[in-house]
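Read through the structure below, which is laid out as structure tokens, and then see the notes.
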Amino acid sequence: MTLCVDVVIIGAGPAGMSASNMIHEYGGRAVILDEQSEPGGQIYKAIDRVMRDRPNELSWLGSAYHDGARLTKKFRSQAKDYQPGSMVWHIECRNLDGLYNIFYSQAGVSKKIETKYIVIATGAMERPVPIPGWTLPGVMTVGAVQSVLKNSGMYPSGKLVLAGAGPLVLQLASQLIGAGISILAILDTSPKGSFLKALRHFPRALFAGDYLYKGWNLTNKIMQSNIKVYRNVTELNASGDGRLQNLSFKVNETKHCLKADTLALHEGILPNVQLTRLLDLEHVWSPRQRSFSPVVNSWGETSLSGVFVVGDGAGVSGARTAEYSGAIAGIIILERLEYIKESQRDLIIEDRKFRRLLDEGIRPFLDTLFPAPERIGEVPDKTIICRCEEITAAEIREVVKKGCSGPNQAKAFLRCGMGICQGRMCGTSVTEVMSKALEKKPADVGAFRVRPPIKPLSLEEIVTLNDN
Amino acid sequence: MTSDFIVIGGGLVGAAVSYGLLKLGATVTILDEGDTAFRASRGNFGLVWVQSKGDGMHEYATWSRESSDLWPNFAELLVEETGINVGHHRPGGLELCLDEAEYMDFENSINRMHNQPNVAENGRRMISGDEVRRMEPSVGPEVVGASYCPYDGIVNPLYTLRALHQKCIESGLIYRPDHEVKKIIPQIRGFKIITNEGYFLSDKVILAAGNGNKALGEFVGLDIPTGPERGHIVVTERTSPLFNYVLGAIRQTDEGTVMLGATKENVGFDSGFNFEMAAKIIDKAVRKIPALKKLRMIRSWSALRIMSPDGFPIYEESSNFPGAFVITCHSGVTLAAAHALKLAPELLGNDFNGKFNAFSPKRFDVR
């Protein structure tokens, strides 16, 4: 028997929790499916556990992180149908009755739910940053280091180097400094002059002044530490015998070398579009964030009626904007399900939209200060783009020369994107490399088509699906 | 832009025919659609299959067998010419039966094909469940028997397509992706092909556009009664080599992934994914090979076959507009070798319809 519900929210980060909180506040009910074992998403990962078991670490994990507890507390007390450890692997759109089937896996058993509304709040993932040698053990991402730090308080031993650009680099650096973990160097890859360019957006950013204040504090903390910071870094290479040992890079045409055990890379984050691509929703390319995101209207609804995308999954704009967007989608659904009146809906929406507008003021400033890298399309030939199938940039460029016109044809010709990660790690890079090689805009190059399951699962699980 | 041949469609059929034409010194332009077109050549299973082909048309049985025999040399030729190993193997194929009814169906098909006149001996025979398990130890207890044919094989269809494209381009092919053909205008001599990116001229035009042929045929007096039939395929993660034979709807690739097929649905031009179909495929596959249960599924897709009313290929030169040909089939992989090496030369000859009389769409008029 299939469970039939009004609303399914996918993801329990700020956007998903906020949608749930809003819906439950006015007497509605929603099932929340989240891959993790506790609410918080990536940004507030393990917040409840840290508060309970390691409260002294809160001081250096920062106030932005601590803020998540406000959401999780309300969420836990209201969301009776919260299903942690649930991995959604397929959504089926039933055109006849306007319902959706959601397939998900929980502890190795797959189930199906039928629902009228879907709120996709699956957030963002770190932009994969292909550089020569990035597949060596010892090379990871800033987000991964931070995630382990939040989850278990553990950190990489040995010589640690952070490389890239973005608020997350500053945040992790400050957290590591706070925890007394040493960082050998920070390689800042933002291009020269970014700060001056960003100043143009400074007045609007003042509406979200607390971010500026926090950013200033983070930067100060790093300046006051004795960490060596290299600016305008280009041509970063990782190498080593079986694992990371050496880093080389250029600063204004001067070559530098460093010995390192761990390199944490970061070049911003991208909307997680697996589910929205699976649903074949319309997507647009953002030249500023250099990523695709689904097209949504001001309350988060997509080209498919009843399907909402909220939070960073609809275009990266941070945890607080995500929270407002989640609440707005929640209130729209409440009204459609007739829990509240239209007038009541509009009041709440206007309030959240106003607050969201102020909060979003920081985006143009941040996106210009830490611009999304334009060089991924130009990585050296030997750089591996598809890690699963070990396909290099050179191979992709070669098939383009032979008339290959897009990512799906490249996938067919090279197995690029066919591996176990299902194209999540190489999708954007393939679009970037092909865009440069074809001299076409990324929007016109397109992206991999996504087919179920969006995460691997055993055949046995599918065979037994109908028994559950 | 003028060439001897314009081939509409850059899939396995169009690329194989172009390969053959270029070898014979013709100039060829391929007009192809974009990255997200309905592409049967990108969605197929990769069997070079003989055993079930031609039940009802002995010429097709013979043609499939001929192609299967050409394939080993063809594959070698492609490696030599392009460095791409297309992964051709001919270990023989087993169609596993899960019940007596299925067994009977295969047995009846073998008898019918034997009774057709002039059909090439294809060595196909029914074998018992126990014999199957001796040949292929991973086969489970539910399997009651199988239809076996020693000439069945496999190839990587994607690498084949890539190798054909590469060799064609090196031989002077003009390849134009993102060129959707809007109209074909027969000229006093030759054809004018209008695309979204301008027009092209040629002496001869070949329709190899799969399910797009039907509409294109109307411009050159060809009635092509084909329609889409949707099939699903499921792919697992990589694993160590599992099989001695090709198991019809279960095939392991050289890379180690296992492909599971195949379903048939008539849903029009919709290559969407139907979960029920994938579940059916997987259910059958794990009953046949229980060890598959533990593997993880990593991808699946559906694609549209190009089906004629009787399932056999359609080859025809237009009698109203000589020089316009249609070549369509749902076995672009099996027949790639025959299309490249046997069919292409006939396009340069004077008696195409005589050579391929059996495959004329006129066969549908009689019924």
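State the Cα centre-to-centre distance between the range A:1-35 and the range A:345-392 in whole Å.
What the calculation gives is 26 Å, centre to centre.
Can you give me the relative contact order of chain A as a percent, contacts being Cα pairs under 8 Å and 6 or more apart?
19
Decide, for the range A:128-267, between rounded, prolate and oblate: order the square roots of the alpha carbon gyration tensor eigenvalues as a ≥ b ≥ c, take rounded if a/c falls under 1.5, and otherwise choose prolate if a/b is larger than b/c, else oblate.
Oblate is the answer for the range A:128-267, as a/c is 1.5 or above yet b/c matches or exceeds a/b.
What figure in square angstrom, to the nearest 10, would you give for the accessible area of A:Lys402 with a 1.4 Å probe?
A:Lys402 exposes around 40 Å² with every protein chain in place.
Total Å² of accessible surface buried at the A-B contact, 1.4 Å probe, nearest 100?
Buried area between the two chains comes out at roughly 3400 Å².
Would you mind counting up the charge near A:Gly164? Only other residues with Cβ under 10 Å from its Cβ, with Lys and Arg at +1 and Asp and Glu at -1.
-2
Pop the C-beta distance of A:Thr2 and B:Met104 into the FRET formula with R0 = 30 Å and round what comes out to the nearest 0.05.
Computed FRET efficiency for A:Thr2 and B:Met104: 0.25.
Compute the Cα gyration tensor for the range A:178-253, then decide on rounded, prolate or oblate, letting a ≥ b ≥ c be the square roots of its eigenvalues: rounded whenever a/c is under 1.5, prolate when a/b is larger than b/c in the other cases, and oblate in all that remain.
Oblate.
Under a crude label model (7 Å from the Cα following the beta-carbon direction), how far is B:Arg125 from A:Asn217 in nanometres?
8.3
Set the Förster radius R0 to 51 Å, insert the Cβ-Cβ distance between A:Arg387 and B:Arg112 as r into 1/(1 + (r/R0)^6), and round the FRET efficiency to 0.05.
For A:Arg387 and B:Arg112, the calculated efficiency is 0.50.
What's the average, rounded to a whole number, of partner chain beta-carbon atoms within 10 Å of each residue's beta-carbon in B:156-165?
Partner Cβ neighbours, averaged per residue: 3.
Give me the one-decimal nm value for the distance between modelled label points at A:Asp241 and B:Glu265, 7 Å along each residue's Cα-to-Cβ direction.
Placing both labels 7 Å beyond Cα along the Cβ direction yields 5.6 nm.
Name the residues of the range A:428-468 whose accessible area falls by at least 50 Å² when all protein chains are present instead of the chain alone, probe 1.4 Å?
Buried by 50 Å² or more upon assembly, which counts only protein chains, are A:Arg451, A:Pro452, A:Leu459, A:Glu460, A:Ile462, A:Val463.
For peptide A:412-421, how many partner chain Cβ atoms fall within 10 Å of a residue's Cβ, on average?
So the per-residue partner count for this stretch is 5.
By the scheme Lys and Arg +1, Asp and Glu -1, what is the net charge of all other residues having a beta-carbon under 9 Å from that of A:Cys416?
Counting the neighbours of A:Cys416, the net charge comes to 0.
If you count, for each residue, the other Cβ atoms within 10 Å and average over each peptide, how do A:327-338, A:52-63 line up from highest to lowest?
A:327-338, A:52-63
So for each of A:82-93, B:255-266, A:444-455, A:235-246 I average, over its residues, the number of other beta carbons within 10 Å; can you give me the resulting order with the highest mean first?
A:444-455, A:82-93, B:255-266, A:235-246
Ranked from highest to lowest mean number of other Cβ atoms within 10 Å per residue, what is the order of the peptides A:175-181, B:210-216?
B:210-216, A:175-181
Checking the cross-link filter: which lysines have an alpha carbon closer than 17 Å to that of B:Lys183, excluding same-chain neighbours under 8 positions apart?
B:Lys192, B:Lys204, B:Lys214
Can you give the average number of partner chain beta-carbon atoms within 10 Å of each beta-carbon in peptide B:27-38, as a whole number?
Mean partner shielding for this stretch: 3.
Of the cross-linked pairs A:Lys255/A:Lys436; A:Lys112/B:Lys264; A:Lys341/A:Lys455; A:Lys411/B:Lys362; A:Lys436/B:Lys264, which ones have a Cα-Cα span greater than 28 Å in the structure shown?
A:Lys341/A:Lys455; A:Lys411/B:Lys362; A:Lys436/B:Lys264
For chain B, set up a Gaussian network in which alpha carbons nearer than 10 Å are linked by springs, and say which option among B:Ser64, B:Ser202, B:Ser319 fluctuates the most.
Highest fluctuation among the options: B:Ser319.
In the neighborhood of A:Ser293, defined by Cβ-to-Cβ distances under 12 Å, what is the net charge if each Lys or Arg adds +1 and each Asp or Glu adds -1?
+1
Using the Cα centre as the reference, give the magnitude of the dipole from point charges on the C-beta atoms of the protein assembly as shown (Lys, Arg: +1; Asp, Glu: -1; all else neutral), rounded to the nearest 20 debye.
2400
Using a/c under 1.5 as the rounded threshold, could you call the range A:375-445 rounded, prolate or oblate? The axes a ≥ b ≥ c are square roots of the C-alpha gyration tensor eigenvalues, and prolate needs a/b larger than b/c, oblate otherwise.
rounded
Quick one: if the Förster radius is 30 Å, what FRET efficiency do A:Arg397 and B:Ala358 give, using the C-beta to C-beta distance and rounding to 0.05?
The computed FRET efficiency comes out at 0.10.
Cα to Cα, under 24 Å, and not fewer than 8 places away if on the same chain: which lysines meet these conditions relative to A:Lys221?
The qualifying lysines are A:Lys45, A:Lys150, A:Lys159, A:Lys192, A:Lys197.
The values are calculated or read from the model by the stated rules, or taken from the named source; none is laboratory data. Owing to the predicted nature of the structure, the values given are computational and were not obtained by experimental measurement. A quick note on method: Cβ atoms are made from the backbone with ideal geometry, for glycine too, and the neighbour counts reach across all protein chains shown. We work out accessible area using only protein heavy atoms, side chains counted, and drop any ligands, DNA or RNA first. Shrake-Rupley method; radii C 1.70, N 1.55, O 1.52, S 1.80 Å.
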